[in-house]
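Colleague: Have a look at this one before I ask anything.
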């Protein structure tokens, strides 16, 4: 196989197919989007800001500024040999054996000897303590792991890409003999303003094992596999370039990264050909795609053609392989206990519940679907229904067993939508609606926002205004004996921000009680538990079912980020452009809450008329 040049840590977290196309370049790449350019630029600005804050705190720090790579490697190696406490912008000595090169943002000296890698990332590393990963943090004035302590009321976000990058640097430090000897730890400086430390040997990543069971692996183990896999991909791609008869190791698969990939113009048509690749289905990731491919199912039409009844048994843990094998070897009246063993009582009960009491009853099962018993997926029946819905003639279907679509309603209703950037939440929009007979002059859209620079205090004050307004509404409704409901679509983002801000503002208990109450309704769950479309279920997609349309052009989170920069004056926008951007953001936010109200009313009024997914047949 062809020789592969040393690679940076980004390779380990990159889509394997993209790594392949970056080398082969099968077509002209798509240009980088304005949204992605903004993210890169914001990340560089943030890194500069952190370095400007950090360096004055450490007079003995070295900022590696040599333009030549070899000179930077030499300067970094000399600084590590001299025990420089903090090295900024260094380049680690190349690791030709491991095929690695790397430039960590910081190298922080460990007590005694060695170094630990630290990267600077323009995102948040800490959340309100929700029982997640303990947050071990150190301040910028003492950034070492030895100085770290548990951050009260906080948990650490675990971002796989960040940690794989740290693992790359860890392996490079080990290769040059400069890794800290007491454990593998790496740090991330996010917008929280501290170094959040991670144990790279802790088993934290769920990955499928050869047995099909989920296994916990460490970041180091995950990195070693992912990096080595992509090196093999690059070697095969290089071989293919020199000899087109040589096969490639990976083929296009739809993942979240595709939306920003320069090679989507190549992969997209391949995946969308015919009835569409199975990876176009919601929640079908690489593992599920591989299992389908191993069973000869590569398209949505082939997935839709699988048997739902058989799939339900497979998903319930019934191993149908011995049953199917016995059909041609044993009499039809053979009790199933004689086929699979009398001790498998749970499987026997499930088979009996499906109307399969003796071997001959199993002839109604589908062999191709039963074959999935070697790699059972709990959501296989769901995937079949999704594929059928995606290819069906109706834009939406009622899920199995749903005869009438229901949505919780209130006398006083508020639709809520939050807008945020990497720095925090800058706008809480609320649409107040009172039921007939409960009309209020306060009905309508209420924005709680700021265009000032976001600080912790500014964000807390802004949320406090929104929370006081919402709390007053809830109290007034309770005093009047009225039912209060607040709605959001996909409340995970709002819940995360509310919990985080509330923890700092002394409102944690109040917010937690509200989130856990029946007053807070996630319309995504209401929709998803009763209806199925087979396609994306974002607000923009499902609101279209109701006939709702946004008043702004190109509504979406990416566009809102660009408008926000203009609105707060962090771009080169003129005053008139800043005001236009603020108007756009307010209209966009108002439309979002209007869309959730439109969806709620459609769910109650019309959604029960959607055909049942069972009507698509077996």
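Colleague: Would you confirm whether or not the stretch 493-505 contains a residue that is out of contact with any helix residue (DSSP H, G or I) (no Cβ under 8 Å at 6 or more places or on another chain) and surrounded by fewer than 13 Cβ atoms within 10 Å (Cβ to Cβ)?
Modeller: No - not one qualifying residue is present in the stretch 493-505.
Colleague: Same structure again: With 11, 30 as the choices, which residue is in contact with a helix residue (DSSP H, G or I) (Cβ under 6 Å, 6 or more places away or on another chain), crowded, with 18+ Cβ neighbours inside 10 Å and at pLDDT 95 or above?
Modeller: 11
Colleague: Quick check: is even one residue across the stretch 247-254 within 22 Å of residue 538 (Cα to Cα) and either within 22 Å of the chain's Cα centre (by Cα) or part of a helix (DSSP H, G or I) (or both)?
Modeller: We begin by selecting, within the stretch 247-254, every residue within 22 Å of residue 538 (Cα to Cα); these are 253-254.
Next cut, either within 22 Å of the chain's Cα centre (by Cα) or part of a helix (DSSP H, G or I) (or both) only: 253-254.
Yes, the stretch 247-254 contains a residue that is within 22 Å of residue 538 (Cα to Cα) and either within 22 Å of the chain's Cα centre (by Cα) or part of a helix (DSSP H, G or I) (or both).
Colleague: If only one of 310, 334 is closer than 18 Å to residue 354 by Cα and more than 43 Å from the chain's Cα centre (by Cα), which one is it? Explain how you work it out, then say what you get.
Modeller: Numbers: 310 fails: more than 43 Å from the chain's Cα centre (by Cα).
334 is the lone residue from the list that is closer than 18 Å to residue 354 by Cα and more than 43 Å from the chain's Cα centre (by Cα).
Yes/no matrix, rows are residues, columns are (1) assigned to a helix (DSSP H, G or I); (2) at negative phi; (3) over 26 Å from the mean Cα position of the chain (by Cα):
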residue	(1), (2), (3)
536	no, yes, no
545	yes, yes, no
586	yes, yes, yes
599	yes, yes, no
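Colleague: Can I ask one more? Is it the case that residue 470 is in a loop (DSSP other than H, G, I, E, B), surrounded by 17 or more Cβ atoms within 10 Å (Cβ to Cβ) and at negative phi? Let's see the steps before the verdict.
Modeller: Numbers: in a loop (DSSP other than H, G, I, E, B): no; surrounded by 17 or more Cβ atoms within 10 Å (Cβ to Cβ): yes; at negative phi: yes.
Judged against the criteria, residue 470 is not a match.
Colleague: Let me ask something else. Among the residues of the stretch 562-573, how many are outside any helix (DSSP H, G or I) and either touching a helix residue (DSSP H, G or I) at 6+ places or on another chain (Cβ under 7 Å) or over 18 Å from residue 453 (Cβ atoms) (or both)?
Modeller: 3
Colleague: So, in the stretch 48-64, how many residues would count as being in contact with a helix residue (DSSP H, G or I) (Cβ under 7 Å, 6 or more places away or on another chain) and buried (at least 17 other Cβ atoms within 10 Å of the Cβ)?
Modeller: At the first step, the residues of the stretch 48-64 found to be in contact with a helix residue (DSSP H, G or I) (Cβ under 7 Å, 6 or more places away or on another chain) are 61-64.
Checking which are buried (at least 17 other Cβ atoms within 10 Å of the Cβ) leaves us with 61-62, 64.
Selection size over the stretch 48-64: 3.
Colleague: Further question: What number of residues within the stretch 283-327 are in contact (Cβ under 8 Å) with a residue 60 or more places away in the chain and either part of a helix (DSSP H, G or I) or not assigned by TED's automatic domain parsing to the domain that holds residue 355 (or both)?
Modeller: Counting residues in the stretch 283-327 that are in contact (Cβ under 8 Å) with a residue 60 or more places away in the chain and either part of a helix (DSSP H, G or I) or not assigned by TED's automatic domain parsing to the domain that holds residue 355 (or both) gives 15.
Colleague: Same structure again: Has the stretch 328-335 got at least one residue that is assigned by TED's automatic domain parsing to the domain that holds residue 375 and crowded, with 20+ Cβ neighbours inside 10 Å?
Modeller: The answer is no, given that none of the residues of the stretch 328-335 is assigned by TED's automatic domain parsing to the domain that holds residue 375 and crowded, with 20+ Cβ neighbours inside 10 Å.
Colleague: Another question, if that's okay. Regarding the stretch 121-135, can at least one residue be identified that is surrounded by fewer than 19 Cβ atoms within 10 Å (Cβ to Cβ) and under 30 Å from residue 66 (Cβ atoms)?
Modeller: Yes; the residues of the stretch 121-135 include at least one that is surrounded by fewer than 19 Cβ atoms within 10 Å (Cβ to Cβ) and under 30 Å from residue 66 (Cβ atoms).
Colleague: Filter the stretch 523-568 down to the residues that are closer than 15 Å to residue 594 by Cα and in contact with a strand residue (DSSP E or B) (Cβ under 7 Å, 6 or more places away or on another chain) and list them by number.
Modeller: 523
Colleague: Pick out the one residue from 576, 559, 581 that is touching a helix residue (DSSP H, G or I) at 6+ places or on another chain (Cβ under 7 Å), outside the structural domain of residue 386 (by TED's automatic domain parsing) and either in a loop (DSSP other than H, G, I, E, B) or more than 30 Å from residue 152 (Cβ to Cβ) (or both).
Modeller: Result: 581 is the single residue among 576, 559, 581 that is touching a helix residue (DSSP H, G or I) at 6+ places or on another chain (Cβ under 7 Å), outside the structural domain of residue 386 (by TED's automatic domain parsing) and either in a loop (DSSP other than H, G, I, E, B) or more than 30 Å from residue 152 (Cβ to Cβ) (or both).
Colleague: While we're on this one: Being surrounded by fewer than 14 Cβ atoms within 10 Å (Cβ to Cβ) and on the phi > 0 side of the Ramachandran plot, is that true of even one residue in the stretch 377-395?
Modeller: The answer is no; no qualifying residue exists.
Colleague: So if I check each of 132, 139, 102, 83, which one is farther than 18 Å from residue 197 by Cα and under 31 Å from the mean Cα position of the chain (by Cα)?
Modeller: On inspection, the qualifying residue turns out to be 102.
Colleague: Does the stretch 522-534 hold any residues that are on the phi < 0 side of the Ramachandran plot and within 22 Å of the chain's Cα centre (by Cα), and which are they?
Modeller: Matches in the stretch 522-534: 522, 523, 524, 525, 526, 527, 528, 529, 532, 533.
Colleague: OK, next. Is it the case that residue 52 is under 18 Å from residue 87 (Cα atoms) and out of contact with any strand residue (DSSP E or B) (no Cβ under 8 Å at 6 or more places or on another chain)?
Modeller: yes
Colleague: Related question: Could you check residue 424 against (1) farther than 26 Å from residue 567 by Cα; (2) touching a helix residue (DSSP H, G or I) at 6+ places or on another chain (Cβ under 6 Å); (3) surrounded by fewer than 20 Cβ atoms within 10 Å (Cβ to Cβ) and say which number it fails?
Modeller: That leaves (1) as the condition not met.
Colleague: Right, something else. Determine whether the stretch 397-405 contains at least one residue that is assigned to a strand (DSSP E or B), farther than 23 Å from residue 604 by Cα and in contact with a strand residue (DSSP E or B) (Cβ under 7 Å, 6 or more places away or on another chain).
Modeller: Of all residues in the stretch 397-405, those assigned to a strand (DSSP E or B) come to 397-398.
Subsequent filtering for residues that are farther than 23 Å from residue 604 by Cα retains none.
No.
Colleague: Since residue 401 meets every condition but one in (1) under 29 Å from residue 285 (Cα atoms); (2) in contact with a helix residue (DSSP H, G or I) (Cβ under 8 Å, 6 or more places away or on another chain), which condition does it not meet?
Modeller: Of the numbered conditions (1) under 29 Å from residue 285 (Cα atoms); (2) in contact with a helix residue (DSSP H, G or I) (Cβ under 8 Å, 6 or more places away or on another chain), the odd one out for residue 401 is (2).
Colleague: Would you call residue 153 modelled with pLDDT under 95, exposed (fewer than 15 other Cβ atoms within 10 Å of the Cβ), over 29 Å from residue 40 (Cα atoms) and in contact with a helix residue (DSSP H, G or I) (Cβ under 6 Å, 6 or more places away or on another chain)?
Modeller: On the way: modelled with pLDDT under 95: yes; exposed (fewer than 15 other Cβ atoms within 10 Å of the Cβ): yes; over 29 Å from residue 40 (Cα atoms): yes; in contact with a helix residue (DSSP H, G or I) (Cβ under 6 Å, 6 or more places away or on another chain): yes.
Yes.
Colleague: Looking at residue 184, is it buried (at least 18 other Cβ atoms within 10 Å of the Cβ), farther than 18 Å from residue 101 by Cβ and in contact with a helix residue (DSSP H, G or I) (Cβ under 6 Å, 6 or more places away or on another chain)?
Modeller: Considered against the rule, which asks whether it is buried (at least 18 other Cβ atoms within 10 Å of the Cβ), farther than 18 Å from residue 101 by Cβ and in contact with a helix residue (DSSP H, G or I) (Cβ under 6 Å, 6 or more places away or on another chain), residue 184 comes out as yes.
Colleague: Among the residues that make up the stretch 276-288, is at least one of them surrounded by 15 or more Cβ atoms within 10 Å (Cβ to Cβ) and over 22 Å from the mean Cα position of the chain (by Cα)?
Modeller: Looking for residues that are surrounded by 15 or more Cβ atoms within 10 Å (Cβ to Cβ) and over 22 Å from the mean Cα position of the chain (by Cα), one finds at least one in the stretch 276-288, hence yes.
The values are calculated or read from the model by the stated rules, or taken from the named source; none is laboratory data. Being a predicted model, the structure only gives us computed values, none of them experimental. Here Cβ is always computed from backbone atoms with ideal geometry, including for glycine, and neighbour counts include all displayed protein chains.
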